[in-house]
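The values are calculated or read from the model by the stated rules, or taken from the named source; none is laboratory data. Note that this is a predicted model, so its numbers are computed, not measured. All Cβ positions, even for glycine, are placed from backbone atoms using ideal geometry, and neighbour counts span all protein chains on display. What goes into the accessible areas is simple: the full protein's heavy atoms, side chains included, and nothing from ligands, DNA or RNA. Shrake-Rupley method; radii C 1.70, N 1.55, O 1.52, S 1.80 Å.
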Amino acid sequence: MLFDTLFILLAFAVVIGALVFTLDDLFIDLYALIFRMKPKVVTSDFITKIKQAPEKHFAILIANWKEAEVIAPMIRGNLRGLQYNNYTFFLGVYPNDTATWEAAKKLEDLFPHKVVVIVNTQPGPTSKGQMLNEMARQIIDSEIATGRKIDLFLMQDSEDVLHPHSLSLMNHYSSQADFVQIPVFSFDVPAASLVGGVYIDEFSESHTKDLLVRERMGAAIPSAGVGTCIGKNLMLKLQDAQQGQFLKEDTLTEDYHLGMMTKQLGFKSKFACVQYEKENGKKEFIATREYFPHLMQASMRQKSRWTLGIAFQGMDNLSWNGTFVDKYFMWRDRRGPLNSVLIVFSALLLVMFASARSTGHLPEILQTNLFQALLLLNLLNMSVRVVQRMKAVSRTNARMHIALVPVRWLLANVINIGATVKAYRQYKESIRTGKRPAWIKTEHRMPEHFGKEIEVQST
């Protein structure tokens, strides 16, 4: 009798919980459909127009810790590819990371007008937020002495491939918004790299639909950590509001916090999701591309940092501030751990169903039309989720990845469960000890031949 009661309670809790989450996602789908939310497609005339606009000076900030292998090809390749002139790469290094420091110094010597090395006053590793804050302070403090006036600050990572028109696009939208985020997508990976493919699926859906809806509804736009451009006035205001820190250092997702603070401080944000038609008729996104972790443990480690920073630390640092729309999207951002709990309970429920059917003892209430209708509705909603993700992937990556979405959707759930457990343990440990959770950076890699095919001439 007790088993039957627990079985029934668990069954209804799971189907109702799944219904709430899937209807939440379905609302985003319907909103995007009704208001025709999709990437903006532009012609070559638009590209010509934005390239002819006066060029503001970009400071491209790249924080480095043990990046000696990737920093040289990253800089060389992007210097060759960018179709914009007024920018400087600032490479942040630590005094105790001599290999990266030496690699960065060689680039500074080779490209004296495009690359500047900034040495952190603290030994590494600290955190990405601390490094970027240190870099921003040194850049601003040195403007008068060097005569290098900065208009826009762009955050990138040492494994990023910037689109040739990305700076022109952000320069264009910077006259309308103080915070500009462009899409971030994964490069194509082999079909067998299922973990790496999970990032293709998730970023494709988020950055071709979800963030567009978020912007249309007036919610804060979170920074993706890369492809994020902020104006000088916003930079200074953030520093004033956060004790000299434009990025909050006591959170593992300083980029997410940046986007939330931009809205709270009254500055305008723009998600610039743009495709342009090339001469051959194919469409191409103006986006940052990179490789994401392709091993299970590395992916869990990275996603545990995202979960800890957004779901747990986000609650502590940001509470539920803002408009109703802001709170709604905060709920969506923070519901990840609840999703994982629901998935675990769903797996347990499947085992209980299998056991009950094998013994011929399935509670009558679970055989009613009501319960069967709830199951069917959830099945339909989950099918819609997979189709939506397949549609998003068709926009951003090779066609072979579309068919892999259902398999990777299941794998993503496993990764997210592991990440949630890890994040929760780290969070509880930080509360117990009073120490901020440790920041573990992601290992970076570049496309095989990027920045190595042709020597770039110094400017």
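Give, as a single signed number, the net charge of other residues whose beta carbon lies under 15 Å from the beta carbon of residue 35, with Lys and Arg counted +1 and Asp and Glu -1. It would help to have the intermediate numbers written out before the result.
Values: positive: 36, 38, 40, 209, 214, 216; negative: 29, 210, 215.
That sum, taken over residues with Cβ under 15 Å, equals +3.
At a Cα cut-off below 19 Å, give the aspartates and glutamates reachable from residue 441, other chains included and same-chain residues fewer than 8 away excluded.
Output for residue 441: 67, 69, 97, 134, 157, 159, 160, 249, 250, 254, 255, 290.
Return an integer: the convex hull volume of the alpha-carbon atoms of the stretch 1-145, in Å³ per residue.
Working: hull volume 34.1 nm³, N = 145.
Hull volume over Cα atoms, normalised by residue count, gives 235 Å³.
Pairs 263/283; 56/149; 56/268; 237/327; 248/435: which exceed 20 Å Cα-Cα?
Cα-Cα > 20 Å for 263/283; 237/327; rest within.
If I histogram all Cα-Cα distances within the chain using bins 20 Å wide from 0, what percent of pairs lands in each bin?
23, 56, 18, 3, 0
Given +1 on the Cβ of Lys and Arg, -1 on the Cβ of Asp and Glu, and no further charges, what dipole in debye does the stretch 89-145 carry about its Cα centre, rounded to the nearest 20? Write down the numbers at each step before the final one.
On the way: 5 positive and 7 negative charges, 25 e Å.
In debye, rounded to 20, the stretch 89-145 gives about 120.
Among 179, 398, 12, which residue has its Cα positioned farthest towards the positive end of the charge dipole of the chain, with +1 placed on the Cβ of Lys and Arg, -1 on the Cβ of Asp and Glu, and the dipole taken about the Cα centre?
12
With every protein chain left in place and a probe of 1.4 Å, what is the accessible surface of residue 117, to the nearest 10 Å²?
Near enough 30 Å² of accessible area.
Carbon and sulfur atoms: what percent of the 1.4 Å accessible area of the chain do they account for?
On the way: 12460 of 21230 Å².
Carbon and sulfur: 59 percent of the exposed surface of the chain.
Taking the Cα centre as origin and putting +1 on Lys and Arg beta-carbons and -1 on Asp and Glu beta-carbons, what dipole magnitude results for the stretch 250-353, to the nearest 20 debye?
Working: 14 positive and 10 negative charges, 44 e Å.
Here the stretch 250-353 has a charge dipole of around 200 debye.
Through the Karplus equation 6.51 cos²θ - 1.76 cosθ + 1.60, θ set to phi - 60°, convert the phi angles of the stretch 266-276 into ³J(HN,Hα) values in whole Hz; use x for Gly and Pro.
Rounded to whole hertz, the list is x, 8, 8, 10, 9, 9, 9, 9, 10, 10, 10.
What is the dipole size for the chain, taken about its Cα centre, with +1 at each Lys and Arg Cβ and -1 at each Asp and Glu Cβ, in debye to the nearest 20?
Values: 52 positive and 44 negative charges, 113 e Å.
Rounded to the nearest 20 debye, it is 540 debye.
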